[in-house]
Amino acid sequence: MAQSVSKEAVQISTVPAFRSSELLAKLVSAGSAACIAEAITLPLDCAKIKLQVEGGTLVSTIRTIAMTDGAKGFFRGLIPGLHRQLGFCTIRLGLYDSTKEFYMRNTPLNEGLPLRFAAGISTAVAAVCVAQPTEVVKIRMQAAKAGTTRYSGTLSAYYKIGITEGSKGLWSGLGPSVVRLSICNIGEVVTYDTVKTAILRRGWMTDAFPLHFLSAVCAGGVTTILTSPVDVVKTRFVNSAPGEFRGALHCAAVLAKKGGINAEYG
């Protein structure tokens, strides 16, 4: 009797510990992987931001950055970019599975697209509400005119925006960011999850690296197509002077009027 009680006690005490350590591992893995990806892809991200703000072609933008700022120009916004990934991806990716489990336990949602949409949007909203200042600082540092420096450093940027524009400045573009990251989560995490599950059910591939890679490629393609218009609006709005646009929708309307569909996919 004593042995059975002690075993039950051990089981009861170890289950929460296992779940919490598993969640911690997911959070750390998501944040670490996102930071590595940020460091590798930052040069292209810098070129993308310049294209969205100033226009031109990818080749001409890369040439301009190289000629005016040198190699360091391709790594503008690295520190706030790492801050952003630690905030955004740790929450939206690390908490995705736990959020799915929460909805399955407490709502009528079962495995399927509605559940994945709910989990993806919920973690995206949470990530943006927490980490939007990192996005603002990153965009403004990357969007600075060639050969100029808008802020002396990352902490200086946070401080200056907070002092001059208040919380409204630090959380500017909150609406477009929520929309973009929600779409991003649906396109990225949900597509990855759906493709992987569908292939496994049909027995076409085993649960190994090739399947993960294929699922990631599909997710990346869908995400890029879905989020590009919102990403352009978000970048222009966050980098705009105070009062330039009445809101995110006004910014989108102005861009569409000036450049049509090409402006939205700038």
In degrees, nearest 10, the alpha-carbon axis of helix 96-106 is tilted away from the dominant principal axis of the alpha carbons of the chain by 50
7 Å from Cα along Cα→Cβ at both ASP97 and ALA216: what's the point-to-point distance in nm?
1.6
Between THR149 and MET205, take the C-beta separation as r, use R0 = 51 Å, and let me know the FRET efficiency to the nearest 0.05.
0.55
Degrees separating the helix 209-238 axis from the principal Cα axis of the chain, which is the longest one
40
Apply the Karplus curve 6.51 cos²θ - 1.76 cosθ + 1.60, θ = phi - 60°, to the phi angles in the stretch 139-144 and return the couplings in whole Hz, x for Gly and Pro.
5, 5, 5, 6, 8, 4
Label model pair LEU113, LEU23: point-to-point distance (7 angstrom along the Cα→beta-carbon line) in nm is 3.0
Mind jotting down the distance between the C-alpha centroids of the stretch 122-147 and the stretch 71-86, whole Å?
11
Violations at 31 Å Cα threshold for listed pairs LYS48/LYS100; LYS50/LYS196; LYS72/LYS196; LYS48/LYS196; LYS168/LYS258; LYS48/LYS168 -> LYS48/LYS100; LYS50/LYS196; LYS72/LYS196
accessible surface per residue for the chain, probe 1.4 Å, DNA/RNA/ligands not counted, whole Å² -> 54
Could you name the aspartates and glutamates whose alpha carbon sits less than 14 Å from that of LYS145, not counting residues in the same chain fewer than 8 places away?
GLU54, ASP69
Given unit charges at Cβ for Lys, Arg (+) and Asp, Glu (-), the dipole magnitude of the chain about its Cα centre in debye, nearest 20, is 580
Angle between the Cα long axis of helix 2-54 and the longest principal axis of the chain, 0 to 90 degrees, nearest 10?
20
Among GLY243, GLY94, THR41 the positive-end extreme of the charge dipole of the chain (Cβ point charges):
GLY243
Summarise the accessible area of the stretch 134-266 (1.4 Å probe, protein heavy atoms) by the percent that is carbon and sulfur.
65
Charge dipole magnitude, Cβ of K and R +1, D and E -1 - the stretch 98-169, Cα centre, debye nearest 20:
280
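The values are calculated or read from the model by the stated rules, or taken from the named source; none is laboratory data. This structure is a prediction, so every number in the text was calculated from the model and none was measured. Please note: Cβ atoms are built from the backbone with ideal geometry, for glycine as well, and neighbour counts cover all protein chains shown. Areas reflect the complete protein model, heavy atoms only, side chains present, ligands, DNA and RNA absent. Shrake-Rupley method; radii C 1.70, N 1.55, O 1.52, S 1.80 Å.
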